[in-house]
Amino acid sequence: MNSNITLIYVHDPMCSWCYGFKPALSLLIEKLKHKVTIQYLLGGLATDTDEPMPEAMQKQIKLNWKRIEETIPGCIFNYEFWTSNIPKRSTYPACRAVLAAKNQSVRAEGKMNSAIQKAYYLTAQNPSDYSVLYNIAKEINLDVDQFKFDIHSDKINIDLQRQITLSRKIGADSFPSLFIKVDEIYHPIVLDYNNVDIIIEHINDYL
């Protein structure tokens, strides 16, 4: 493994295209785990708000889900989310949940991200609500009291803001995004949701 090369995955746990990219990402990591260091970076899709999501935005996101289903074979969404919740355009709580989980265990970072995606896209729960995130923490066997403390702490919020700032600085203006960091220089990597070999071919240019 080349310690000077890092694969950076910029994402948001409530980003629908990140959810669609999950199978490709898993395969990518499996193929590259002995070649590069892999780093996850939260991009922060939508800031904190308790305001209900406007109808026009709900319609646009539902259309986006349809587009993803048409683009990525096997990717499905549970549209009951839109009738069983009050949607809010706020993903920062879910981002903080990923960081709070990682604070307990590095492995819990990925578990929390996957559990948020499952709750949101498959079981029609709303990860914009902290109560949902507390339940997810319990489901993945975290120390729930510690999780509740961490997710509202200044430490976690500062870390989130740091990651968001870095993601913007390196040019991640959409999610998911991939970058190869070589000797402190960030190079954007092409994304393909259905053909990991195309991504690896581009990454190999830097290995």
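None of the figures in this text is laboratory data; all of them are computed from the coordinates on show. Since we're looking at a predicted model, the values are computed, not measured. Neighbour counts are summed over all protein chains in view; Cβ atoms, including those assigned to glycine, are modelled from backbone coordinates with ideal geometry.
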Would you calculate, for the chain, the mean residue ellipticity at 222 nm contributed by helices, counting each DSSP H stretch of 4 or more residues as -39,500 (n - 2.57) and dividing by all residues, to the nearest 500? -16000 deg cm²/dmol
Just order 93-101, 129-137, 112-120, 77-85 by mean Cβ neighbour count inside 10 Å, highest at the front, would you? 93-101, 112-120, 129-137, 77-85
Size of the range 1-78 along its principal axes in angstrom, Cα-based, largest extent first? 48, 31, 14
Percentage relative contact order, the chain, counting C-alpha pairs under 8 Å, at least six apart: 29
Computed over the chain, Kirkwood Rh from alpha-carbon pairs, angstrom: 17.6
Whole-angstrom gap from the range 69-129 to the range 167-181, using each part's C-alpha centre: 20
Under a 5 Å amide H to amide H cut-off, with H placed in plane at 1.01 Å, what residues pair with Asp12 once short-range neighbours are removed? Gly43
Can you list the lysines whose alpha carbon sits under 18 Å from that of Lys88, skipping same-chain ones fewer than 8 residues off? Lys59, Lys62, Lys118
Out of Ile61, Pro188, Asn103 - ranked by how far each Cα lies towards the positive end of the dipole of the chain, with unit charges on the beta-carbon of charged residues - the top one is Asn103
Most mobile listed residue (Leu25, Leu63, Leu41) in the chain, GNM with C-alpha springs under 10 Å: Leu63
Scaled by the rule-of-thumb 2.2 N^0.38 Å, the alpha carbon Rg for the range 109-206 gives a ratio of 1.35
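What does the extension gain come out to for Asp192 and Lys169, with contour length at 0.36 nm per residue minus their alpha carbon separation?
Net length gain for the segment: 6.0 nm.
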Could you size up the charge dipole of the range 1-54 around its Cα centre, putting +1 on the beta carbon of Lys and Arg and -1 on that of Asp and Glu, and report it in debye to the nearest 20? 560
Please provide three numbers in whole Å: the alpha-carbon extents of the range 62-102 along the principal axes, with the largest listed first. 34, 24, 13
